[in-house]
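Colleague: My questions all concern the structure below.
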Ligand SMILES: [Fe+2]
C-alpha cells in the first residue's frame, strides 16, 4: 500500500534532491557542511544558563496539569531541570538509551530536506543559541529553549519517537508531490501545537510551540476562544495556520498510537493527488465532518489578537 513515506528510500547519506523540487534559498554559513551541523554546541555564558533556568521555572509554574503526562515524564527522565542549558552530548546518550534518538546542534533554521533527513535518522536538530532577556517572552526563530525543552521530552516516548522518524521520511515524499505546505500543516498541528485527550474532560498539550511558552500553555487547553477539534489527518493537511499568534484552532488526538496509525496507514499518494495547490480551510473554520470538542468564541482573535492588547481568553 502507498504510504506516508517513500519505502525504498535510503537515508544513510543525504539523498540527492530531484532537480524539480523547490527548496527555500537559505544561505548556509561557511563553517557548516551539507548536513548543516555545528561542529560543537555553543559555549554558553553564566547569563545564558540563568536565562534557561528562569524560562524553565516559568514553565514549571504553568505546565503541571496542562502538559501531557508523556511530556512531564520526559522532562523527568532526562532531568532537564538539573540547571543550565543541557549539554547535548550527555542528553543524547540518555535519550539514545531510551528511544535511539539524539539531539544535534544547528546554527539556525535549516533547509526542509536536511531537517527531514536528520529526523529520518532519529536525529533532532536543535537551535544552538538561547534568547536574551530582551526577547524573553517572544522569539521568531526557535532557540535552544524551544527546541530542547519543547521538543526533546516527547522524544522519550517510544510511539511519538517513531512518529517523528516517519514524519522525516514523509517529508521527502511530500517534496516530490510539491505538497510540503500540507505536510507542514500536519507538523504544525501535531508536533508544535498538538493536544491530547488523556481522559474525558482532561485535555493536555504535547506540542512544543505550546509547551515552551507560558501564555499558550494555558490558552490552548483552557480558553474559550479557540476551537478544539479531534484530529483527522486529511482535514488537518487542508487547513491553514498562523505562525505569529496564538492558534484559533487546536487539533486533539486520542493517543500517540492513534496519531501514528492515522499517519502511517493513510494512502498519502492518493491524498497528495487530491489536494489543491493551497489550503482549503481557514484556520478558524469548523466544518461538517469535524468531531468538535469545543467550539471557540474566537473572542481573542476578533478583538485583534497579538499586538492589540486583547486578552487571550
Ligand atoms: Fe519547534
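Colleague: Let me have the 222 nm mean residue ellipticity of the chain computed from DSSP H runs of 4+ only, each contributing -39500 (n - 2.57), with the sum over all residues rounded to the nearest 500. Intermediate results must be reported in sequence, preceding the final value.
Modeller: Numbers: 12 runs with 111 residues, N = 313.
The helix-only estimate for the chain comes to -10000 deg cm²/dmol at 222 nm.
Colleague: Using a/c under 1.5 as the rounded threshold, could you call segment 75-114 rounded, prolate or oblate? The axes a ≥ b ≥ c are square roots of the C-alpha gyration tensor eigenvalues, and prolate needs a/b larger than b/c, oblate otherwise. Please report the intermediate quantities before stating the final value.
Modeller: Working: a/c = 2.70, a/b = 1.54, b/c = 1.75.
Oblate shape, in that a/c is at least 1.5 and b/c is the bigger or equal ratio.
Colleague: For segment 114-223, compute the orientation-averaged projected area of the C-alpha convex hull (one quarter of its surface), in nm².
Modeller: On the way: hull surface 31.4 nm².
Reported value for the Cα convex hull: 7.8 nm².
Colleague: What is the pair-distance distribution P(r) of the chain, computed from all Cα-Cα distances in 20 Å bins starting at 0, with each bin given as a whole percent?
Modeller: Binned Cα distances yield the sequence 33, 61, 6.
Colleague: If the convex hull of the alpha-carbon atoms of segment 69-138 is projected onto planes in all directions, what is the mean projected area in square nanometres?
Modeller: Details: hull surface 23.5 nm².
If you wrap the Cα atoms of segment 69-138 in a convex hull and average its projections, you get 5.9 nm².
Colleague: Something else now. In Å, what is the Rg of the alpha-carbon atoms in segment 36-165, and how long is Dmax?
Modeller: 14.0, 39
Colleague: State the antiparallel share, in %, of DSSP beta bridges confined to the chain, rounding to the nearest 5. Don't skip to the end; give the middle numbers.
Modeller: Values: 6 of 19 bridges.
Taking every DSSP beta bridge with both residues in the chain, the antiparallel ones total about 30 percent.
Colleague: Give me 306, 273 ranked fewest to most by other Cβ atoms within 10 Å of their Cβ, as a rough exposure proxy.
Modeller: The fewest-first ordering by Cβ neighbours comes to 273, 306.
Colleague: Let me ask something else. Binning at 10 angstrom from zero up to the longest distance, how are the C-alpha pair distances of segment 1-94 distributed in percent?
Modeller: 11, 26, 26, 28, 9, 0
Colleague: I'd like the distance between the alpha-carbon centres of segment 111-162 and segment 274-309, rounded to an integer number of Å.
Modeller: 26
Colleague: Taking the alpha-carbon centroid of each part, what is the distance from segment 78-97 to segment 189-259 in angstrom?
Modeller: Taking the Cα centre of segment 189-259 as reference, the centre of segment 78-97 is 27 Å away.
Colleague: I would also like to ask the following. Once you order the gyration tensor axes a ≥ b ≥ c over the Cα atoms, which shape class does segment 156-200 get: rounded for a/c under 1.5, otherwise prolate or oblate by comparing a/b with b/c?
Modeller: On the way: a/c = 3.59, a/b = 1.68, b/c = 2.13.
Because a/c hits 1.5 or more and a/b fails to exceed b/c, segment 156-200 counts as oblate.
Colleague: Follow-up question, since we're still on this one. What number in nm² do you get for segment 194-313 if you take the convex hull of its Cα atoms and divide its surface by four?
Modeller: Values: hull surface 31.7 nm².
In nm², the orientation-averaged hull projection of segment 194-313 is 7.9.
Since every read-out is calculated from the coordinates, none of them should be taken as a lab result. Keep in mind the model is a prediction, meaning the values are calculated, not measured. With ideal geometry, Cβ positions are generated from the backbone for all residues, glycine too; neighbour counts draw on all protein chains shown.
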